[in-house]
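**Q** Sharing a structure with you now.
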Amino acid sequence: MKYLVEMEVLKRQTVVVVVDEENHLSEEQLHELAVEKSQKNGESAFVTKEELWVMRSNKILPTDLSGNQVMLLESGYPYEMVLRMNAEDTEAELDAHKKSAKQL
């Protein structure tokens with residue numbers, strides 16, 4: 001199962017990660033895995049205590065979600081919008097996202 005988890009870090013920053021797990025997870029297990037993934041993604045630079053990570057929400061994602069849709073979710077695109085996108089739309093959004101990142 002894939003879970004979309006919105007984490008609040010130090011109450012100053014919200015990060016979104018997708019946790020991919022075959023088994024159903026308790027909220028505590030999901031929280032731990034989401035913190036681990038956020039830390040691997042470099043979101044923990046200012047975090048010194050684990051209790052500063054607060055899970056704001058979580059959703060079980062549809063099993064047919066594409067890799068591009070997952071990347072858009074992790075980039076902060078709204079869940080409902082991403083679910084409505086087809087393969088062509090997600091590809092175009094990712095291309096636009098990459099181009100804007102290069103310009104920064």
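**Q** Considering only residues that are assigned to a helix (DSSP H, G or I) and either among the aliphatic types (A, V, I, L, M) or surrounded by 13 or more Cβ atoms within 10 Å (Cβ to Cβ) (or both), which ones fall in the stretch 79-94?
**A** Across the stretch 79-94, the qualifying residues are Y79, M81, V82, L83, A87, D89, T90, E91, A92, E93, L94.
**Q** If you go through the stretch 63-104, how many residues are at pLDDT 90 or above, under 14 Å from V16 (Cα atoms) and polar (S, T, N, Q)?
**A** The total comes to 1.
**Q** Looking at (1) at pLDDT below 90; (2) closer than 22 Å to A101 by Cβ; (3) touching a helix residue (DSSP H, G or I) at 6+ places or on another chain (Cβ under 6 Å), can you tell me which one G42 breaks?
**A** For G42, the exception is condition (3).
**Q** Among the numbered criteria (1) assigned to a helix (DSSP H, G or I); (2) surrounded by 10 or more Cβ atoms within 10 Å (Cβ to Cβ); (3) free of Cβ contacts under 8 Å to residues at least 24 places away in the same chain; (4) not hydrophobic (A, V, I, L, M, F, W, C), which single criterion is violated by N68?
**A** The number of the failed condition is (3).
The values are calculated or read from the model by the stated rules, or taken from the named source; none is laboratory data. The shown structure was predicted, so the numbers you read here are calculated from the model rather than taken from an experiment. Every residue, glycine as well, gets a Cβ built from its backbone with ideal geometry; the counts of neighbours run over all protein chains shown.
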